[in-house]
Amino acid sequence: MSTSARIALVSAVALVVGGVLGATLTHGSSTTAAPPAPGDSAPDPVSADSASAVDVQPSPHQEVRDAAIAYASASQDWLYLTDDQIEGAIRAVTVPERADQLVRETVSELGVARDGLQYSAGRIWWFVRPLATKIESLTSDRAQVSVWVVTVLSAADVAVPQSDWMTLDIALRRVDDRWLLESIDDTVGPTPLAGVRDEPWQPEPFDDALAGFERIGSETP
């Protein structure tokens, strides 16, 4: 496969993985089990003084925001999971009737991405970062949340450094006191221009400039 073909392939798949399926799992770097969904437990009590304490419960609005943010950013880990790990993580955070379809779609898309990225001779930089949220609707058992995200991808010999900006529309349903993913759609943007002092980078100088930097987040280098 030529370099230009690999770049086109990985760029297209990265957009699909980061957007259309960008909120279906949570994953720790050393375990296949997904962590508890946001809202499973309350924060530690906050003491007013040494003699008394008041439990501070998260508001329903904060619970759905936390769940949507966690699911929107989880795809940054996908490239580093096995198919079985992906399936287990998705089923842990998705309503049962949607899980089979999301497992099939995610495993298929990531297989294409891995096939392209294996040709990279350097580090793969892949991030999905939520920037802002908006609760579109909220009832006792259903919520619709929009999350504005940016994805960044760079891989030497495969993908030029690039960013994709999109808004994820995430539908959540409350099941057994947990907000689980029901569906997700994406729209392009809003997209800012690059800074006036900067120009596009090539993968190798991009990677060199980040030598010694450690990723913020759970994805594996």
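The values are calculated or read from the model by the stated rules, or taken from the named source; none is laboratory data. Values in this document were obtained by computation on a predicted structure and should not be read as measured data. Virtual Cβ from ideal backbone geometry, glycine too; neighbours counted across all protein chains shown. Accessible surface areas use protein heavy atoms only, side chains included; no ligands, DNA or RNA. Shrake-Rupley method; radii C 1.70, N 1.55, O 1.52, S 1.80 Å.
Just a yes or no: is a residue in region 198-216 out of contact with any strand residue (DSSP E or B) (no Cβ under 7 Å at 6 or more places or on another chain), under 17 Å from SER73 (Cα atoms) and open to solvent by 20 Å² or more (accessible area, probe 1.4 Å)? Within region 198-216 (the criterion being out of contact with any strand residue (DSSP E or B) (no Cβ under 7 Å at 6 or more places or on another chain), under 17 Å from SER73 (Cα atoms) and open to solvent by 20 Å² or more (accessible area, probe 1.4 Å)), the answer is yes, since at least one residue qualifies. Within region 93-108, the set of residues being under 18 Å from ARG142 (Cα atoms), in a helix (DSSP H, G or I) and either touching a Ser or Thr at 6+ places or on another chain (Cβ under 7 Å) or open to solvent by less than 70 Å² (accessible area, probe 1.4 Å) (or both) comprises VAL93, ARG98, ALA99. Of note, ALA132 satisfies the criterion of being under 29 Å from ALA209 (Cα atoms), open to solvent by 20 Å² or more (accessible area, probe 1.4 Å) and aliphatic (A, V, I, L, M).
Consider region 137-169. How many of its residues are under 21 Å from ARG114 (Cα atoms), among the acidic types (Asp, Glu) and assigned to a strand (DSSP E or B)?
Filtering region 137-169 for residues under 21 Å from ARG114 (Cα atoms) gives 150-164.
Next, only the ones that are among the acidic types (Asp, Glu) stay: 157, 164.
Filter again for assigned to a strand (DSSP E or B), leaving 164.
Within region 137-169, residues that are under 21 Å from ARG114 (Cα atoms), among the acidic types (Asp, Glu) and assigned to a strand (DSSP E or B) number 1.
THR139 fulfils the conditions (1) modelled with pLDDT under 90; (2) open to solvent by 70 Å² or more (accessible area, probe 1.4 Å); (3) hydroxyl-bearing (Ser, Thr, Tyr) except for a single criterion, (1). Could you tell me whether region 168-175 includes any residue that is over 17 Å from TYR71 (Cα atoms), in contact (Cβ under 8 Å) with a residue 12 or more places away in the chain and surrounded by fewer than 22 Cβ atoms within 10 Å (Cβ to Cβ)? No, because not a single residue in region 168-175 is over 17 Å from TYR71 (Cα atoms), in contact (Cβ under 8 Å) with a residue 12 or more places away in the chain and surrounded by fewer than 22 Cβ atoms within 10 Å (Cβ to Cβ). Among residues of region 109-136 that are in a helix (DSSP H, G or I), those with a beta-carbon under 8 Å from a residue that is of a type in the set (Lys, Arg) at least six positions away or on a different chain give the pairs GLY116/ARG6.
Here's the yes/no breakdown for (1) modelled with pLDDT of 95 or more; (2) more than 30 Å from SER120 (Cα to Cα):
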site: SER146; (1), (2): yes, yes
site: VAL149; (1), (2): yes, no
site: ALA155; (1), (2): no, no
site: VAL160; (1), (2): no, no
site: TRP165; (1), (2): yes, no
site: ALA171; (1), (2): yes, yes
site: TRP179; (1), (2): yes, yes
site: SER183; (1), (2): no, yes
site: GLU204; (1), (2): no, no
